1. Could you say whether any residue in the range 264-275 is surrounded by 13 or more Cβ atoms within 10 Å (Cβ to Cβ), within 20 Å of Pro173 (Cα to Cα) and not assigned by TED's automatic domain parsing to the domain that holds Leu37?
2. From the list Thr75, Thr59, Thr23, Thr63, exactly one residue is at pLDDT below 90 and either among the polar types (S, T, N, Q) or over 20 Å from the mean Cα position of the chain (by Cα) (or both). Which is it?
3. Only one residue in Leu259, Leu247, Leu251 is crowded, with 19+ Cβ neighbours inside 10 Å, touching a Ser or Thr at 6+ places or on another chain (Cβ under 8 Å) and farther than 30 Å from Ser160 by Cα, so which one is that?
4. Assigned to a helix (DSSP H, G or I), in contact with a Leu (Cβ under 8 Å, 6 or more places away or on another chain), in contact (Cβ under 8 Å) with a residue 12 or more places away in the chain and not assigned by TED's automatic domain parsing to the domain that holds Ile32: which single residue out of Ser238, Ser253 fits that description?
5. Filter the range 182-227 for residues that are assigned to a strand (DSSP E or B), surrounded by fewer than 19 Cβ atoms within 10 Å (Cβ to Cβ) and more than 14 Å from the chain's Cα centre (by Cα) and give the result.
6. In the range 110-143, what residues are over 24 Å from Arg65 (Cα atoms) and in a helix (DSSP H, G or I)?
7. Looking only at the range 262-299, which residues are β-branched (Val, Ile, Thr) and free of Cβ contacts under 8 Å to residues at least 60 places away in the same chain?
Amino acid sequence: MNTPRQTATYLKQRFADVGMWPTARRGQNFLIDLNLLEVLLHHADVGPNDVVLEIGTGTGSLTARLAQQAAAVVTVEVDPQLAQVASETLVDLPNITLLRQDALRNKNHIDDRVLQALQDAVQAGPNRRLKLVANLPYNIATPILSNLLTTPIVPVSMTSTIQKELAERIVAPPRTKDYSALSIWLQSLCDVELLRVLPPTVFWPRPKVESAFIQIVPNDAKRALIPDLDFYHHFVRSLFLHRRKFLRSGLLSTWKQSLGKDGVDQVMAELRLDASTRAEELDIPSIQRLCSAVRCRLP
């Protein structure tokens, strides 16, 4: 089939035909630079054994391109009108499953129906693997990228368009303003790379902020260093609830009832952490040692 060229002219006409307009509330900004779309597809490197998860189907232009390369595509669109537009574009592609729903059950979980569709697609053929390739709506990018790492079926790569500010947080090193619980969580489990910064002019409608292509590749060796993933996730988030607090105060805020002041001080002494240390100053190996020391002392 001929894939629609997602230009601003095409999109304006398509939306006029169905009597609707993109909404900022749902992050409906469409990539119209066709060269950049090729860059995204190049880095995603989708092949015939890949099952692709796309969140934010839009008009189905990227979906159609992915379906031509992948074994199967599971694409999710929350806007019922857009889902109808996309279904008309994708009707002749049998390897696409279009889900008309929210991709998230809540902020901490991918919806079960999405996970089931992915499981079905991966199990439908030998040697299949999952990849995320998407222009992610800005308002759900963080929970999508974070939560996919704790599902029963973890993608081998996640290549997507996100807000530049979020991309900078994901790749941030210690002792920088962008270093956060999200930086530590993703870098502890994955290799992360900011591929390219995108100006507002390459989208329609134009967003008010810059965007970026990012690639996140889960790393089994890194994951093996974390014995209890749920505990580590909770631990990292608790450390950065008050990022400017001294580390000792942050530990006491969360673990005072179970460790007590003496327990927290013992952990600090064991790891030779000064009383003036802040969480944002610790690199990932130090965070992991701290997590392990706290976990070993819990009842």
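1. For the range 264-275, residues surrounded by 13 or more Cβ atoms within 10 Å (Cβ to Cβ), within 20 Å of Pro173 (Cα to Cα) and not assigned by TED's automatic domain parsing to the domain that holds Leu37: present.
2. Matching residue, one of Thr75, Thr59, Thr23, Thr63: Thr23.
3. Leu247
4. Matching residue, one of Ser238, Ser253: Ser253.
5. Leu195, Arg196, Val197, listed by residue number.
6. Once the filter is applied, which keeps residues that are over 24 Å from Arg65 (Cα atoms) and in a helix (DSSP H, G or I), the range 110-143 yields Asp112, Asn139, Thr142, Pro143.
7. Correct list: Val264, Val267, Thr277, Val294.
The values are calculated or read from the model by the stated rules, or taken from the named source; none is laboratory data. Just so it is clear, the structure is predicted and the values come from calculations on it, not from any experiment. Counting neighbours? That spans all protein chains shown, and the Cβs are built from the backbone with ideal geometry, glycine included.
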